[in-house]
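Single-structure report; data block below.
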Amino acid sequence: MILIIAAALTILMASRWMPILQIYGTSMTPTLSEGQIVVTVKTDNFRQGVIIAFYYENRLLVKRFIAGGASWVDIMDDGKVFVDEELVDEPYIEEPSKGNCNIELPYQVPEGRFFVMGDHRATSLDSRSTALGCVSEEQIAGKVIFCIWPVSEFGRIE
């Protein structure tokens, strides 16, 4: 009986504070690939560049946190991203692109919202599009911190 209770508590803890997700799609390549299984941690403390998971239309999406509420985001035609007029250092981007951007730039992120972008900028549907927009705090599932599958990719995610 104690073993059953311990197992139930472990599952509850994992699903509440450290959700495990499978990556679908290619919007985060090359950092994350379709089929990878990752661990997230519940937090509301994000720094620029961390990968977050959030709910959108009953699906979990994974993107990079670029800017928080009241920040100004500007994206150049060559794909360079500026937040509050400072160039964002994005070593994880292989092919910079303005992508599917139909918002008016520069764009001020609303209070209580997060501006997010995928790493594969040419194809990612993210805050650059009014179809997705900025993410609210309530939508956030957590910060993606670790890859557990496949074994060859096992380790911390940056």
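The values are calculated or read from the model by the stated rules, or taken from the named source; none is laboratory data. Not measured: the values here are computed from a predicted model. When we count neighbours, we look across all protein chains shown, and the Cβ atoms used for this are built from the backbone with ideal geometry, even at glycine.
Report yes if some residue within region 101-113 is under 16 Å from residue 137 (Cα atoms), in contact (Cβ under 8 Å) with a residue 60 or more places away in the chain and under 14 Å from the mean Cα position of the chain (by Cα); otherwise report no. Scanning region 101-113, I find no residue that is under 16 Å from residue 137 (Cα atoms), in contact (Cβ under 8 Å) with a residue 60 or more places away in the chain and under 14 Å from the mean Cα position of the chain (by Cα), so the answer is no. Against the numbered list (1) in contact (Cβ under 8 Å) with a residue 24 or more places away in the chain; (2) of a type in the set (Val, Ile, Thr); (3) within 28 Å of residue 35 (Cβ to Cβ), residue 151 comes up short only at (1).
Of the residues making up region 21-40, those that are out of contact with any Pro (no Cβ under 7 Å at 6 or more places or on another chain), part of a strand (DSSP E or B) and surrounded by 14 or more Cβ atoms within 10 Å (Cβ to Cβ) are 21, 37, 38, 39. Of the residues screened, residue 46 is not one that is under 18 Å from residue 135 (Cβ atoms) and either among the aliphatic types (A, V, I, L, M) or modelled with pLDDT of 85 or more (or both).
Mind listing just one residue for me: the one in region 1-20 that is in a loop (DSSP other than H, G, I, E, B) and closer than 20 Å to residue 154 by Cβ and, of those, modelled with the highest pLDDT? Among those that are in a loop (DSSP other than H, G, I, E, B) and closer than 20 Å to residue 154 by Cβ, it is 19.
Go through 86, 95 for me and flag whichever is more than 16 Å from the chain's Cα centre (by Cα) and modelled with pLDDT under 95. The conditions single out 95. If you go through region 41-57 and keep only what is touching a residue at least 24 places away in the same chain (Cβ under 8 Å) and either loosely packed, with under 15 Cβ neighbours inside 10 Å or more than 15 Å from residue 156 (Cβ to Cβ) (or both), you end up with 41, 42, 43, 44, 46, 48, 49, 52, 53, 54, 55, 56.
Applying the set (1) within 15 Å of residue 144 (Cα to Cα); (2) in contact with a Phe, Trp or Tyr (Cβ under 6 Å, 6 or more places away or on another chain); (3) modelled with pLDDT of 95 or more to residue 109 leaves exactly one unmet item: (1).
In region 124-147, the count of residues that are more than 17 Å from residue 54 (Cα to Cα) and of a type in the set (Val, Ile, Thr) is zero. May I ask you to verify whether residue 156 is within 17 Å of the chain's Cα centre (by Cα) and under 21 Å from residue 24 (Cα atoms)? So residue 156 fits the description; yes.
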